[in-house]
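Since the structure comes first, as structure tokens, the remarks are kept for the end.
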Amino acid sequence: MRGSRQQLGRDGSALTRYSLRMGQLVDRQMASAALIAARQEAEREAAEARQAKLEIEIANNALREEMEVRLGTQSRLAYLASHDPLTALPNRSLFSGRLSAEMEASRAQGSRLALLYIDLDNFKDVNDTLGHAVGDSLLQQVSVRIANELRSGDTVARLGGDEFAVLQVGLSGSNQASALGERVIGALGQPFDIDGRTIFIGASIGVTLFPDDADAVDLLHRNADLAMYRAKSEGRNCCHFYNEAMNQEVHRRAFLEQALREPSVMSQMHLLFQPQIDMKTCQITGVEALLRWHHPEQGSIPPEEFIPLAERTGMIIDIGAWVLRESCKQAMRWRDAGLPPLIIAVNVATAQFRFGNMPRLVATVLAETGLPASMLELEITETGIMHDMHVAAETLVNLHKQGVALAIDDFGTGYSSLSYLRKLPVDRLKIDRSFVNDVTTSEDAAVIATTIVELAHALRLEVVAEGVETAEQAKFVRDSGCAFAQGHFYGRPTTADKIAALLNRAPDLELAQ
Ligand code: C2E
Ligand code: MG
Ligand code: MG
């Protein structure tokens, strides 16, 4: 028992030791397991952190790339918004910004600026006849030529189409601006070589000065534009400076355009009639109706001023219809009064001819007034016909079928294509008064007048010489074979009553006054 107790005691302590040992072992194992787990955890965390870092880096890279793309796009967009893609020149908005900044600078320095508007002459013809690709190349070459004439600090921009603008800085006077204008005209006047083709164009330039002419960007643009239009209307290929009169003209034009829109405007209008004479018999065979506008404040406004405005505003359709109706009514009054038959010639403005549905209007007015179609003549200018030959021909044929006579007014001043004369049902040519006026003093005018008469005869057309003012002119046009004449020599435009009085006089009356 004792032995077994001892044994047990021995065994017990062994067991205890064993247990302890085991305990220690377990503890150590647990500790190392915990350690391993902790290490694994740390490694996992480190891996996760690496992964996260990697992902952040990737995201950052993507973001950077995206930013770069966006910034690139933005700057490209900003560039496109401020430059003309064809010539790479600044566009109007960037140019205006520079103009504004330079105005500030020049205010501070007390210097001047010049704004030049440059518009190419005949560019439309190049585009129409040689195609847009040639037109584009031409614009690029033009932009280089203009840029070559500038000093550093000056800016050239393309405002659109064939219109360029130059900002010339640091000027002391207008001389430098006109010298630049002349240089640009010279440079653009040289032939252009495009794909082996030689092209000639010219340029019309309008110039305005800061601070002399205006103190605001938009006013400077407007002034330069006005001056440029003046250059165009004064024969092109020249340089014109803005002046205050142009501004007054714009105001007057705006005033008259508004006045033409007033419902009461037709009550301010009336017609005068100018005799047309048979040169053999010296008798009045017809009259031309000429419109007069007497404005209550502005007084008499010449038709050459208000007719183009009425065309621009579309008012010409109503005004022209009124003229036709009143003319036909008046012709009927003369007829009803038993006066000798008289052809009434009525002017038809280009816009009215194109958009006024003339065949229908004429048919309506003739039916309304009872005037025989053979007593009505319509005067149309060459430009009215040349605009759209096909449509014009249709309109003329339709009018001619109604029995109305057709005359080409101001002949010789438009872009005549002789071939159209053969094809159209035209009865008469009216030689423009600018030629008639000069027949006795200018050989050229005399040749033109006689050539027109010969041409008309070859095409079996009658000829009317307009604006005969002197006996010499009357003799010249009669000797040239011109059958009819009109002008101050025979009678100025006058009232319907005076025409009636003239017609009532004896046939051997001397019409010259
Ligand atoms: P137009 O049709 O060529 O008319 C002839 C113009 O020459 C008229 O001017 C007439 O007064 C003027 N004239 C006639 N004989 C002489 C002359 O010996 N010497 C000079 N220097 N001038 C002479 P007006 O009446 O001022 O008309 C000018 C233009 O206005 C007309 O030229 C015509 O184009 C237009 N116009 C006039 N009335 C009308 C109209 O009722 N409708 C349209 N659409 N245009 C009209
Ligand atoms: Mg006329
Ligand atoms: Mg005329």
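The values are calculated or read from the model by the stated rules, or taken from the named source; none is laboratory data. Please read these numbers as outputs of a predicted model, since none were measured by experiment. Cβ coordinates were reconstructed from backbone atoms using ideal geometry, including for glycine residues, and neighbour counts include every protein chain displayed. Surface areas here come from the heavy atoms of the whole protein model, side chains and all, with no ligands, DNA or RNA. Shrake-Rupley method; radii C 1.70, N 1.55, O 1.52, S 1.80 Å.
Within segment 381-420, the set of residues being among the acidic types (D, E) and surrounded by 13 or more Cβ atoms within 10 Å (Cβ to Cβ) comprises E382, D409, D410. Filtered by the rule that a residue be closer than 20 Å to T413 by Cα, open to solvent by 30 Å² or more (accessible area, probe 1.4 Å) and assigned to a loop (DSSP other than H, G, I, E, B), segment 452-463 gives a lone residue, L459.
Just one residue in the set A114, A147 is buried (at least 23 other Cβ atoms within 10 Å of the Cβ) and touching a strand residue (DSSP E or B) at 6+ places or on another chain (Cβ under 6 Å); that residue is A114.
In contact with an Asp or Glu (Cβ under 6 Å, 6 or more places away or on another chain) and open to solvent by less than 20 Å² (accessible area, probe 1.4 Å), is that true of A351? So A351 passes the test.
Taking E466, is it open to solvent by 10 Å² or more (accessible area, probe 1.4 Å) and within 12 Å of ligand 1 (Cβ to nearest atom)? Criteria met by E466.
Is it true that L130 is within 16 Å of F200 (Cα to Cα), in contact (Cβ under 8 Å) with a residue 60 or more places away in the chain and under 26 Å from the mean Cα position of the chain (by Cα)? Against the criterion (within 16 Å of F200 (Cα to Cα), in contact (Cβ under 8 Å) with a residue 60 or more places away in the chain and under 26 Å from the mean Cα position of the chain (by Cα)), L130 qualifies. Yes or no: segment 376-391 includes at least one residue that is more than 16 Å from ligand 2 (Cβ to nearest atom) and under 15 Å from A345 (Cβ atoms). The answer is no, given that none of the residues of segment 376-391 is more than 16 Å from ligand 2 (Cβ to nearest atom) and under 15 Å from A345 (Cβ atoms).
Within segment 426-438, is there a residue that is more than 16 Å from ligand 2 (Cβ to nearest atom), closer than 29 Å to P359 by Cβ and open to solvent by less than 30 Å² (accessible area, probe 1.4 Å)?
Step one: of segment 426-438, the residues more than 16 Å from ligand 2 (Cβ to nearest atom) are 438.
Cutting the leftovers down to closer than 29 Å to P359 by Cβ gives us none.
No, there is no match, as no residue in segment 426-438 is more than 16 Å from ligand 2 (Cβ to nearest atom), closer than 29 Å to P359 by Cβ and open to solvent by less than 30 Å² (accessible area, probe 1.4 Å).
With respect to the conditions (1) touching a Leu at 6+ places or on another chain (Cβ under 6 Å); (2) part of a helix (DSSP H, G or I), A501 falls short on a single one, namely (1).
If I go through segment 296-343 residue by residue, how many of them are in contact (Cβ under 8 Å) with a residue 60 or more places away in the chain and among the aliphatic types (A, V, I, L, M)? First the steps, then the outcome.
Residues of segment 296-343 in contact (Cβ under 8 Å) with a residue 60 or more places away in the chain: 330, 333-334, 337, 339-340, 342-343.
Those still in the list that are among the aliphatic types (A, V, I, L, M) too: 337, 339, 342-343.
Residues meeting the conditions: 4.
Among the residues of segment 485-506, those that are surrounded by 15 or more Cβ atoms within 10 Å (Cβ to Cβ) and either more than 9 Å from ligand 1 (Cβ to nearest atom) or free of Cβ contacts under 8 Å to residues at least 12 places away in the same chain (or both) comprise A485, T494, A496, K498, I499, A500, L502, L503.
Hey, does segment 447-455 have a residue that's within 16 Å of ligand 2 (Cβ to nearest atom) and modelled with pLDDT under 95? Among the residues of segment 447-455, at least one is within 16 Å of ligand 2 (Cβ to nearest atom) and modelled with pLDDT under 95, which makes the answer yes.
Please go through segment 414-424 and pick out each residue that is more than 15 Å from ligand 1 (Cβ to nearest atom) and in a loop (DSSP other than H, G, I, E, B).
Kept after step one, since they are more than 15 Å from ligand 1 (Cβ to nearest atom), are these residues of segment 414-424: 415-424.
Those that are more than 15 Å from ligand 1 (Cβ to nearest atom) and in a loop (DSSP other than H, G, I, E, B): Y415, S416, S417, L424.
If you check R76, R98 for being touching a residue at least 60 places away in the same chain (Cβ under 8 Å) and open to solvent by 80 Å² or more (accessible area, probe 1.4 Å), only one passes: R98. Among residues belonging to segment 282-306 that are surrounded by fewer than 22 Cβ atoms within 10 Å (Cβ to Cβ) and in a helix (DSSP H, G or I), point out the one that is farthest from ligand 3 (Cβ to nearest atom). The residue in question is E305. In the set M332, M315, only one residue is more than 15 Å from ligand 2 (Cβ to nearest atom), closer than 14 Å to Q258 by Cα and in the same structural domain as N357 (by TED's automatic domain parsing); that residue is M315. Note on segment 335-368: residues that are among the small types (G, A, S) and within 16 Å of ligand 2 (Cβ to nearest atom) amount to 3. Pairing each residue of segment 170-186 that is within 15 Å of D154 (Cα to Cα) with any residue that is of a type in the set (F, W, Y) and outside any strand (DSSP E or B), provided the two are 6+ apart or on different chains, yields no C-beta distance under 8 Å.
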